[in-house]
1. Sticking with the crude label model, points 7 Å out along Cα→Cβ, report the distance from E74 to T38 in nm, one decimal please.
2. Which value, in Å³ per residue, describes the convex hull spanned by the Cα atoms of the chain?
3. Could you give the length gained by full extension between S50 and L65, i.e. 0.36 nm per residue of separation minus their alpha carbon distance, to one decimal place?
4. Give, rounded to the nearest 20 debye, the magnitude of the charge dipole that the range 13-65 has about its Cα centre when Lys and Arg contribute +1 at Cβ and Asp and Glu contribute -1 at Cβ.
5. With n ≥ 4 as the cut-off for DSSP H runs, can you work out [θ] at 222 nm for the chain, using -39500 (n - 2.57) per run divided by the number of residues, rounded to the nearest 500?
6. Using +1 on the beta carbon of Lys and Arg, -1 on that of Asp and Glu, and nothing else charged, what's the dipole of the chain about the Cα centre, debye to 20?
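What follows is calculated from the coordinates using simple rules that are stated; it is not laboratory data. Treat the numbers as computed from the prediction; the structure is a model and nothing was measured. As a convention, Cβ positions derive from the backbone with ideal geometry for all residues, glycine included, and neighbour counts pool all protein chains shown.
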Amino acid sequence: MEKIFYNLEMAKAIRKIKRPAKDLKMDVRARPNYLALTVYEDNIMEYNESKRMQVMEYLILCKQLIESYGVRCEIEGIKYVSKPKGIPN
């Protein structure tokens, strides 16, 4: 199995795509046989429905861009788990 890499050229190309929100958190993570665009539920849920649609369109553009390099790409979400009261971040 060939190791999948996220390279500088891909990173620069993704930065050229306008983000729908400045505070959108998205990580690109290497998985064994693909790259994952990881977003965080607590971050996404801060936005209204219209902004969430823009976020999805942005993620799809990023996914298509990475796939244009011949690399499989998936979108993953990390579920927000609230912390009990009194526990600092």
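1. According to this spin-label approximation, the distance is 1.3 nm.
2. That works out to 120 Å³ per residue.
3. Gain on extension, S50 to L65, equals 3.1 nm.
4. Numbers: 11 positive and 7 negative charges, 74 e Å.
Roughly 360 debye, rounded to the nearest 20.
5. That calculation yields -11000 deg cm²/dmol at 222 nm.
6. On the way: 17 positive and 12 negative charges, 50 e Å.
I would put it at about 240 debye.
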